Amino acid sequence: MSDSRISRQMRGLMVASRDTLDFLTTSSTWGKRGQRPNGTDLVGGNPQEVLPGYVEALQRWSVARDASWYGYKMSETAARQAAAEALRTRRGVPFEPADIALTDGALAALLVCLMTISDPGEEVMFLSPPWFFYETLIRSGGPTPVRVRLSPPHFDLDVDRIHAAMTPRTRAVIVNSPNNPTGRVYGEDTWQRLAAMLAEASARFGRTIFLISDEAYSRIVFDGRRFRSPTEFYPHSFIVYTYGTTLLAPGQRIGYLAMPPTMPDREPLRRALVAAQIAAGHAYPNALLQHALGDLEKLCIDVPRLQAKRDLLVAELRAAGYQLEVPEGAMYLLSRCPDPDDMSFARHLASRDVHVLPGSLIELPGYLRLSLTASEAMIERALPVLADAAAGALQRSS
């Protein structure tokens, strides 16, 4: 891009995420899906219906109770208390309301965290395959992104590989469990090994290495698994969370950045986070969502129903020749693509009104990611198309 009106930094960010931005905008077939009402959207975690109780909660709290009800808001006391109480109940860890920074979603929480703890010239690690925008968010604040690639088919969190990538410039490591896109849920043994390694590396380099835990899907785990947070095992850690997944309302942006009570020197960090939220463009949720958070915290996507859709897709796709692992959590299913050219295969499916995410957009060429949030009717429509496309690809390769 040569347009001198656009900053050099922004040009670099646009180049880094060009394919993803092209896919997500209306210039793509998926971007125009709304013009075809019978299409099946398996791309993103978008709702196909409104969660029961959600509208009622917003309506209940939309009535002003004082003159400043819709005035400027930062992290409101009642919303902080609701989030902290939920963390205490679900994690058994005594989070304090003052350590909850309310944000307009997980993206803002991650950006604010990176602005607070990292400087240009430092390094922030993330695991690949990643969520779309980790690299872009890291670059936006000046640090250098360092990717650590996980190995298929299980995509285990490889502590030794993370350790090998450490340098004296390492400032933070971003982890994500339940993982998007792999569906892995990492357990206590993994977090204990990672915590021990980070403590050793921090001591060796003479500077704190932070752990940033993206827990957007922490309430979406399958088969009776228990979610464990790495913040239980490593004191220099943050939780990044969004209600957009739990409530399946990603267009209503509310989330938070939380510090566990084990974090040393929390008071200076509390003040720095406020400054970072203002510098990030007042990265706070809107007033109504904060007022309603006590009620919204009680709601959750129907996880058994999501698991049933997972089981149906796994069985039918395997029968059609797809190679895939069973996701342990989150709301996506990751499969090898029957055609090595996943972009071409995804375009073929889109021509038949079935939209999937090609793995090339998440640093995983030769794979496909399918969302479990599609309705049962949409999945039933998609299954014969997916089976037919796989048969055609397998026949061409034989």
Take every DSSP beta bridge with both residues inside the chain and express the antiparallel ones as a percent of the total, to the nearest 5. 45 percent
Of His348, His282, His291, how do they rank once you tally other Cβ atoms within 10 Å and put the fewest first? His282, His348, His291
Compute the distance from the alpha-carbon center of the stretch 272-309 to that of the stretch 348-398, in whole Å. 31 Å
What distance in nm lies between label points placed 7 Å from Cα along the C-beta direction at Glu380 and Asp341? 3.5 nm
Mean 1/r over all different Cα pairs, inverted: what Kirkwood radius does the chain give, in Å? 22.1 Å
From the mean inverse distance of alpha carbon pairs (Kirkwood) and the Cα radius of gyration, derive Rg over Rh for the stretch 75-211. 0.97
When the chain is fully extended, how far beyond the present Cα-Cα distance does Glu267 get from Glu363, taking 0.36 nm per residue of separation? 30.8 nm
DSSP loop trypsin sites (Lys or Arg not before Pro) in the stretch 321-398 with at most 16 other Cβ atoms within 10 Å of their Cβ, which ones? Arg352
Explain nothing, just the number: dipole magnitude of the chain about its Cα centre with +1 on each Lys and Arg Cβ and -1 on each Asp and Glu Cβ, in debye rounded to the nearest 20. 500 debye
Using the Kirkwood radius over C-alpha pairs as Rh, can you work out the diffusion coefficient of the stretch 222-339 via Stokes-Einstein at 10 °C, viscosity 1.306 mPa s, in µm² per second? 90 µm²/s
Order of Arg226, Arg11 under a 10 Å beta carbon neighbour criterion, fewest first: Arg226, Arg11
Glu200 paired with Val63, simple spin-label distance in nm, labels 7 Å along Cα-to-beta-carbon: 6.1 nm
Under the helix-only model (-39500 (n - 2.57) for each DSSP H run of 4 or more, divided by the residues of the chain), the mean residue ellipticity at 222 nm, to 500 deg cm²/dmol, is -12000 deg cm²/dmol
Full extension between Ser128 and Arg88 adds, at 0.36 nm per residue less the Cα distance, a length in nm of 11.3 nm
I need the per residue convex hull volume for the stretch 46-109, using only the alpha carbons, in cubic angstrom as a whole number. 140 Å³
Could you work out how much longer the chain between Val50 and His163 gets when fully extended? Use 0.36 nm per residue separation minus the Cα distance between them, nm to one decimal. 36.4 nm
In debye to the nearest 20, the charge dipole size for the stretch 110-181, taken about the Cα centre with +1 at each Lys and Arg Cβ and -1 at each Asp and Glu Cβ, equals 100 debye
Cβ-based exposure ranking for Phe238, Phe233, Phe227, Phe205, in which fewest neighbours within 10 Å come first: Phe205, Phe227, Phe233, Phe238
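Taken together, the values in this text are just the output of simple stated rules run on the coordinates, not laboratory data. The model shown is predicted, which means the values in this text are computed figures rather than measured ones. So basically every Cβ, Gly included, is an ideal-geometry build from the backbone, and we count neighbours across all protein chains shown.
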